[in-house]
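Peer 1: Before we start, here is the structure in question, set down as structure tokens.
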Amino acid sequence: MLKLNFPDYSFRFKNSENKPLIFDVIRKKFVVLTPEEWVRQHVIQFLISERHFSPALMNVEKQLILHGTKKRYDVVVFNSDGSIHLIVECKAPTIKIAQDTFDQIARYNLVTEASYLMVTNGLNHYFCRMDYENERYVFLEEVPNQKKE
């Protein structure tokens, strides 16, 4: 797999039915190793190892309903009160991050109402703080740590 713009992490791999699998520590199971999954697993490790988010407050690949349509977010980090601190949209490294990617996560955020957004293809990462009062996002250098309660 391609070297991504993240620190090096240790992952567990195995093969099943001639498909490479990677262990997801949040879902606690092996999942098919696609290019997008490679990015997702790096994001998970980055959030745990570098940003010190608790795995217990993380959720991966869960369904949400948006305007009557089923969608799936990649990664969500909850606050201890159940509100959403961060939602992450992952793309494969070959997918260029463009306005439509931000539009996608903004649509998801109509439902999740996260404080922060992260969009990444593993090579380029973008972090935003939601400014609900002015209906815009403010770009940041990195995603802030969670507030300790």
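Nothing in this text is a laboratory measurement; each read-out follows from the coordinates by a stated rule. Predicted model, so just to flag it, every value in this text is computed and none were measured. As a convention, Cβ positions derive from the backbone with ideal geometry for all residues, glycine included, and neighbour counts pool all protein chains shown.
Peer 1: Tell me what the chain gives for mean residue ellipticity at 222 nm when only DSSP H runs of n ≥ 4 count, each as -39,500 (n - 2.57), the sum divided by the residue total, rounded to 500 deg cm²/dmol.
Peer 2: Only helices count here, giving -6500 deg cm²/dmol.
Peer 1: Please report the relative contact order for the stretch 1-67, taking Cα pairs under 8 Å with a sequence separation of at least 6, and give it as a percent rounded to a whole number.
Peer 2: Once divided by the residue count of the stretch 1-67, the mean separation gives 25 percent.
Peer 1: Between helix 99-112 and the chain, what is the angle of the helix's C-alpha long axis to the longest principal axis, kept within 0 to 90° and rounded to the nearest 10?
Peer 2: The angle comes out near 70 degrees.
Peer 1: Could you give the spread of the C-alpha atoms of the chain along their three principal axes, from largest to smallest, in whole angstroms?
Peer 2: Rounded to whole Å, the extents work out to 50, 34, 31 Å.
Peer 1: Please list the non-local residues whose amide H lies under 5 Å from the amide H of TYR73, H modeled 1.01 Å from N, same-chain partners needing a gap of 5 or more.
Peer 2: LYS62, LEU64
Peer 1: Sort THR101, THR120 by Cβ crowding within 10 Å, fewest neighbours at the top.
Peer 2: With the sparsest Cβ surroundings first, the list reads THR101, THR120.
Peer 1: So if R0 is 22 Å, what FRET efficiency would HIS52 and PHE23 give, r being the distance between their Cβ atoms, rounded to the nearest 0.05?
Peer 2: 0.55
Peer 1: From the backbone phi of the stretch 75-91, what are the Karplus-calculated ³J(HN,Hα) couplings (6.51 cos²θ - 1.76 cosθ + 1.60, θ = phi - 60°) in whole Hz, Gly and Pro given as x?
Peer 2: 9, 10, 10, 8, 7, 5, 8, x, 6, 9, 7, 8, 10, 10, 10, 10, 10
Peer 1: Report, by chain and number, residues whose modeled amide H sits under 5 Å from the one on LEU86, excluding near sequence neighbours (fewer than 5 apart, same chain).
Peer 2: It is VAL77, SER115, TYR116, by chain and number.
Peer 1: If you don't mind, another one. Neighbour counts of other C-beta atoms within 10 Å: give me ASP8, ASP74 arranged from fewest to most.
Peer 2: ASP8, ASP74
Peer 1: Against the longest alpha carbon principal axis of the chain, how many degrees, from 0 to 90 and to the nearest 10, is the axis of helix 35-49 turned?
Peer 2: 70
Peer 1: What ranking do ILE65, ILE48 get, fewest neighbouring Cβ atoms within 10 angstrom at the top?
Peer 2: The fewest-first ordering by Cβ neighbours comes to ILE65, ILE48.
Peer 1: Name the long-range amide H neighbours of ASP24: under 5 Å, sequence gap of 5 or more, or other chain; modelled H, no Pro or chain starts.
Peer 2: Hits under the 5 Å cutoff: LYS29, PHE30, VAL31.
Peer 1: Within the set of other residues whose C-beta is less than 14 Å from the C-beta of LEU21, count the net charge using Lys and Arg as +1 and Asp and Glu as -1.
Peer 2: Surrounding charge for LEU21 is +4.
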